[in-house]
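Working notes, beginning with the structure itself.
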Amino acid sequence: MREKFSTIYQRAAERKGGQRALEHMLVAPLEYDALCEIPDNRWLAAFSQKVFQSGISWQVVRKKWPGFEEVFWGFDIEKMLLMPPEMWEEKATNPAIIRHLTKVMTIPHNAEMIHRVQQSHGSFSQFVADWPSEDIVGLWQYLKKHGKRLGGNTGAYTLRRMGKDTFLFTRDIEHYLRATKIVDSGRETKRAMQAAQQAFNEWQQESGRSLNHISQLIAFSVGDNRV
């Protein structure tokens, strides 16, 4: 049963030391214009970093990331598209990066996805900014279908990091959605995605809050209470 947003908020505030402390913890999405201004090479870099962080220490990836930026020319989309297969294989052996050919090969694939979107929407940032929040799971599914290794939480986490308003299917949030009977099927099934989206849409209408805030507030209201 879907709880009222006010109930979720009050529980989160009680767990986090009051409303002022709670509000200070919340991270807002970027405004529309700011999101549109992000250069598209930064999307490719962000997708690539998140792909490499899957199954590898995030700290190790961050430490190595300046090497990635140098080896892949700042993830310039046109340069990525012009590189022949043998050059990708060569770069995958460069000690300045994490040498993982399969993950390296997601870079040209996702560069192609971004390039296709540029042709139809002007820029990938414009495409993301224009995607309606009431169907954010549709954007997750687009990234999974047209990108490489952008399914699961990878695409959604990247969107959140870059400033797009989105909720996340973290362990705490999934547990909450199941405990309240909102989700009762596999997490990546169409049924689960639609049920979660509908619940978040209703909380958004009730509260006037961003999906970012609602997602964070649910996470703060359940699970381990780390301060």
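The values are calculated or read from the model by the stated rules, or taken from the named source; none is laboratory data. Please read these numbers as outputs of a predicted model, since none were measured by experiment. Virtual Cβ from ideal backbone geometry, glycine too; neighbours counted across all protein chains shown. Just the protein is used for accessible areas: all its heavy atoms, side chains included, with ligands, DNA and RNA removed. Shrake-Rupley method; radii C 1.70, N 1.55, O 1.52, S 1.80 Å.
Scan the stretch 37-61 residue by residue and report those that are open to solvent by 30 Å² or more (accessible area, probe 1.4 Å) and either basic (Lys, Arg) or in a helix (DSSP H, G or I) (or both). The answer is 41, 42, 58, 59, 60. Taking residue 107, is it within 23 Å of residue 222 (Cα to Cα), among the hydrophobic types (A, V, I, L, M, F, W, C) and touching a residue at least 60 places away in the same chain (Cβ under 8 Å)? Taking the combined requirement at face value, the residue does not satisfy it.
Condition check ((1) closer than 18 Å to residue 132 by Cα; (2) out of contact with any Asp or Glu (no Cβ under 9 Å at 6 or more places or on another chain); (3) open to solvent by 50 Å² or more (accessible area, probe 1.4 Å)) across all residues:
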position: 188; (1), (2), (3): no, yes, yes
position: 192; (1), (2), (3): no, no, no
position: 199; (1), (2), (3): yes, yes, no
position: 212; (1), (2), (3): yes, no, no
position: 215; (1), (2), (3): yes, yes, no
position: 219; (1), (2), (3): no, no, no
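Being more than 19 Å from residue 39 (Cα to Cα) and either open to solvent by less than 60 Å² (accessible area, probe 1.4 Å) or not aromatic (Phe, Trp, Tyr) (or both) holds for only one residue in 91, 164, and it is 91.
All told, residue 89 meets the bar of being in contact with a Leu (Cβ under 8 Å, 6 or more places away or on another chain) and either in a helix (DSSP H, G or I) or among the aromatic types (Phe, Trp, Tyr) (or both).
Taken together, 64, 103 contain a single residue that is charged (D, E, K, R), surrounded by 15 or more Cβ atoms within 10 Å (Cβ to Cβ), under 18 Å from the mean Cα position of the chain (by Cα) and part of a helix (DSSP H, G or I), which is 103.
Here's the yes/no breakdown for (1) farther than 17 Å from residue 51 by Cα; (2) touching a residue at least 40 places away in the same chain (Cβ under 8 Å); (3) within 16 Å of the chain's Cα centre (by Cα):
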residue: 135; (1), (2), (3): yes, yes, yes
residue: 150; (1), (2), (3): no, yes, yes
residue: 158; (1), (2), (3): no, yes, yes
residue: 162; (1), (2), (3): no, yes, yes
residue: 178; (1), (2), (3): yes, no, no
residue: 185; (1), (2), (3): yes, no, no
residue: 209; (1), (2), (3): yes, yes, no
residue: 214; (1), (2), (3): yes, yes, yes
residue: 217; (1), (2), (3): yes, yes, no
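Against the conditions (1) closer than 20 Å to residue 42 by Cβ; (2) open to solvent by less than 30 Å² (accessible area, probe 1.4 Å); (3) in a helix (DSSP H, G or I), residue 78 satisfies every one except (2).
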